[in-house]
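Computed from the coordinates by the stated procedures, all read-outs in this text should not be read as laboratory data. The shown structure was predicted, so the numbers you read here are calculated from the model rather than taken from an experiment. In this analysis, Cβ positions are derived from the backbone assuming ideal geometry, glycine residues included, and neighbour counts consider all displayed protein chains.
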Amino acid sequence: MAWAIGAGSSGSTPFAPAVGAKAISIMRASFLVGLLGFAGATLQGANVSEAMGRELIHGVSLSPVAATVGLLTAASLVAIGVFTGYPIATAFTVTGAVVGVGLALGGDPAWGKYRQIALLWTLTPFVGGGIAYATARSLDSDPDRRPMYISGLAGAVGLVIANIEFAALGSASNAASISTVGAQAFPLFVSAESTAGKAFISLTIALTCAGISYRELARDEVRAERRFLLVLGGLVAFSAGGSQVGLAIGPLLPMLDPFELPLTAILIGGGVGLLAGSWTGAPRMIKAVSRDYSALDSRSSIAALVPSFAIAQTAVFFGIPVSFNEIIISAIIGSGYASGGAGSVSRKKMGYTILAWIASLTIAIVLGYTAFTAITMIR
């Protein structure tokens, strides 16, 4: 499952806009996304892993057979998408398969979690695509103010980075953000939980990012835009690892409880699978996402990646499985439409992809339920 995810959504989508803008080659993007995805899986994978393993079904724990059937079902569907060039929504397939086998196991639907997931999945195309569209229009509207707009985006990205929670910065049970750790270093703040302390560190990081971006843009605007684009691709790749590793290892957590393995060790194992998938299978999907959906330049790619990064980190924070194909593709379509109009977006490819997303969720639920029920009857 981890290999299929690395070859599909987490391996192909983060750098796809940068590849489309010719800021980086396909093979180099595959190499970098593998390393960054591994880092994200290790440092940020806990929340989504817990949700996939323990929060999708109530009343039962996934058995080894149930987890095997669910992951095999989802991995097969994702692999079909990889080899046909249509990015299947990984979160849809894994979530559907786990729900299917969980219901067949006799569990009860977790309606509260389903509402959270459905809300995020429904809003993602509109929020991500809408922000990408508005950002792309702003960047193209006034060349004189473009450096100021891009610097503002860099500051917003810095603000998000300052408040991302990393496992390595916190205790064994709780992750911590850079703003929290930074506030501890300043005695003028009463405590690490001080809102003023966190706000001060966050604002400092945001202004630093904006200042560096503005300086680089003043020196060479084209080069600075490409560098910012690559940084954004790296941040999205890191976020993809933190989110997508949970889809692969989350269903394993209930059966690993008796062994008392540290979660970090399990996350590393999942990260290795993502790394292998990115290095061996991602180039095909990077090509499909970067070239087949919309023609992008550096500015429209930046417009696509900024909301993608924010949405991805929101999903990681709340422990909600989310499809990076859905996030990136909707943002690419939004920014591409703003930059080139309807002619720059492949409506046929977009239509087939939406149908594939809906079908993958439905098929995964049905196959997971049917396959587990059949195996139970045979046994």
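Some notes on this structure:
- With the largest listed first and rounded to whole Å, the semi-axes of the equivalent ellipsoid of the chain from the Cα gyration tensor are 34, 26, 16.
- Net +/- balance of residues flanking Leu62 in space, Cβ distance below 14 Å, scoring K and R +1, D and E -1: -3
- The residue among Val48, Ser138, Gln244 whose Cα reaches farthest toward the positive pole of the charge dipole of the chain, with charges on the beta-carbon of Lys, Arg, Asp and Glu, is Ser138.
- Computed log₁₀ I(q)/I(0) - Debye formula, equal Cα scatterers, no solvent, the range 1-100, q 0.10, 0.16, 0.23 Å⁻¹: -0.32, -0.76, -1.24
- The chain, dipole about Cα centre (Lys/Arg Cβ +1, Asp/Glu Cβ -1), debye to the nearest 20: 860
- Rounded tilt (10° steps) of 111-141 against the dominant C-alpha axis of the chain: 20
- Among Asn325, Asn163, Asn174, the largest mean-square fluctuation in a Gaussian network model of the chain (Cα springs under 10 Å) belongs to Asn174.
- Acute angle (nearest 10 degrees) that the helix 146-162 long axis makes with the longest principal axis of the chain, alpha-carbon atoms: 40
- Remark: relative contact order (the chain) = 40 percent; criterion is Cα-Cα distance under 8 angstrom and separation of 6 or more residues.
- Between the Cα long axis of helix 324-340 and the first principal axis of the chain there is an angle of about 30°, rounded to the nearest 10.
- Among Val127, Val60, Val231, residue whose mean-square fluctuation peaks in a GNM of the chain (springs only between Cα atoms under 10 Å): Val60
- Since only Thr370, Ala154, Leu62 are under comparison, the one whose Cα sits farthest along the positive direction of the charge dipole of the range 2-378, derived from C-beta charges on Lys, Arg, Asp and Glu, is Ala154.
- Mean separation of Cα contacts under 8 Å, 6 or more apart, over the residue count of the range 17-134: relative contact order %: 27
- Max mean-square fluctuation residue, GNM over the chain, Cα-Cα springs under 10 Å, options Ser330, Ser243, Ser25: Ser25
- Reducing the range 27-80 and the range 202-268 to their Cα centroids gives an inter-centroid distance of 17 Å.
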